[in-house]
Amino acid sequence: MEQAQQPGLAVEECVRRLKRYHYAFKRLHQIFTARITAEPIYELKMGFSLHAHLCAEHTSALRQRVGEMREPPLGLEAVPDPNLALFFDEILAAPSTEELLVGLYEKAVPALKAALMQQVRDTNHLIDQPSVRLCRFALLELEDMLEFGTKSIAALTSRNNAEGKGMLATETRTELLDDCLAASGGLDGTQKPIKKTIKPCYSARPYQYDRVPKRDERFPDPYNMGVNAEAFLYDPKFPPQPKILMMFYKRLREVDVPEMMASIITETSGKPWAYYRDMTRQLWDEARHAMMGEVGFASLGIDWPKQVMINHTWSLALNTQLRPIERHAVLYFIEQGLMPKTGKRFEWEVGQASNNPLSASFQDYDWADEVLHARIGRDWYLKEFKNPQEAVRYGDECWSRVLMNWENWREQGLTKHRNWWPDVYKAACRYWGITPDPTVLAYSTTYQTIRADLKELTGSA
Ligand SMILES: [Fe+2]
Ligand SMILES: [Fe+2]
């Protein structure tokens, strides 16, 4: 009764603040997405994928709430304060992973968290319940993000210390970010802005998205295309059990999908917000698929960074050779091919037949995710074409145009396309306590002439 009798915030003030949280989530989504591709550290790539998705979801929820508060035109694309814009521009343009993490997890996320907590304190819980709900829900996930960020910074700090490297971020740098917030009256604009002209530092020049994927030391042979997973998986002469290894490999290799989708999202402007939300949901699903593969190998005691050569050739080729719409075309072409009998249902059946419940579970959900991705493709890619056939044909054409320099990479010494399969298969057999099957052990088909969709010539998702 006591809380409900407080007048709380006027609708106008409430909307003004909600728009600032909306702006913060939207910019965070942009930064997380844009920094996935060229971030070498595997866990950060995966973490950024999740955090981009969470921020996109909260952005959507806030847009909807603002729309409910007699506000058309909504003005959701307006920048609420130039200093707030500068704050996020500086984080986006941070030249190192360390400075990026400090900006995100020590400045932006805590500031947003403080603002949402203030909102919950200031507004009336009865008359503004829908906003309170959004804030509490967002706070739950901001807390998760903060925990991940804090642990990541601690891990990076101890690694840097061990390697004798310097500070994570300079004093002047964190001061600049603090000044941006202070000059905009705090993230929610409820404080008296300090009077200060802030000079951009890293964002003095327009931010340049880096579309070349980078990987850390757990990807020692990133051009290796020496083991064709699909040719093995779809060959009926091979038994189901070893096929789950190929499926774990295929899943983990999906690290390249967030790398590639981040480039489409970052380099495509002017779409309705729902486009960015849907595409980011898919991006996160693909990151989950990659982690399923990682967990799969761990479940069999296989040390994947040393034994399984996960390449980055697909995202590298697509990001550097195709325009954003052409990359989307390739993605759509591959994913619509995953729906028939030989696709995701088949992988689930293999998982079931292999007596490995974990693999069956992975494939069960992978299949469900893929149906969602097909819907996202229909909503956002297909509509650009006269008919579905034309859209598929264009996807095939774009993929055929991509140069997979199998032989070139070998000649340049970038890889030997080493056949890592026999060693991984033998390791799994030791785990299973069985003798390796000579036919399976002898498998040595590469991607030199056969593409991942088994088209002669060479993907993911
Ligand atoms: Fe996937
Ligand atoms: Fe997918």
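The values are calculated or read from the model by the stated rules, or taken from the named source; none is laboratory data. Here the structure is a predicted model, which is why all the values come from computation and not from measurement. Don't worry about glycine lacking a Cβ; one is built from the backbone with ideal geometry, like all the others, and counts go over all protein chains shown. To get the accessible areas, we keep the full protein, side chains included, count just its heavy atoms, and leave off ligands, DNA and RNA. Shrake-Rupley method; radii C 1.70, N 1.55, O 1.52, S 1.80 Å.
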Original post:
Put Ile194, Ile41 in order of accessible area, largest first, 1.4 Å probe: what do you get?
Top reply: Ile194, Ile41
Original post:
When the helix-only estimate is applied to the chain (DSSP H runs of n ≥ 4, each -39,500 (n - 2.57), divided by the residue count), what is the mean residue ellipticity at 222 nm, nearest 500 deg cm²/dmol?
Top reply: -19500 deg cm²/dmol
Original post:
If you rank Leu245, Leu316 by how much accessible surface each has, with a 1.4 Å probe, what is the order from largest down?
Top reply: Leu316, Leu245
Original post:
Once both labels are modelled 7 Å past Cα along the beta-carbon direction, what's the Thr150-Asp122 spacing in nm?
Top reply: 2.5
Subject >> Subset of Lys243/Lys344; Lys107/Lys271; Lys19/Lys192 violating a 20 Å alpha-carbon distance limit >> reply: Lys107/Lys271
Original post:
How much accessible area does Val392 have with a 1.4 Å probe, in Å² rounded to the nearest 10?
Top reply: 40
**OP:** Enumerate the amide H contacts of Ile310 below 5 Å, restricted to partners 5 or more residues apart or on another chain; note that Pro and chain-start residues carry no placed amide H.
**Re:** Asp221
Subject >> Solvent accessible area, Å² - Tyr394, 1.4 Å probe, full protein context >> reply: 40
**OP:** Can you send over the solvent-accessible area of Cys429, 1.4 Å probe, protein chains only, in Å² to the nearest 10?
**Re:** 0
Subject >> Heavy-atom surface of the chain, accessible at 1.4 Å and reported per residue (Å²) >> reply: 44
Subject >> Accessible surface ranking that places the most exposed of Phe232, Phe333 first, with a 1.4 angstrom probe >> reply: Phe333, Phe232
Original post:
Evaluated at 10 °C with a viscosity of 1.306 mPa s, what Stokes-Einstein diffusion coefficient in µm²/s does the chain have when Rh comes from the Kirkwood expression over alpha-carbon pairs?
Top reply: 66
Subject >> Within the accessible area of the chain (1.4 Å probe), percent carbon and sulfur >> reply: 55
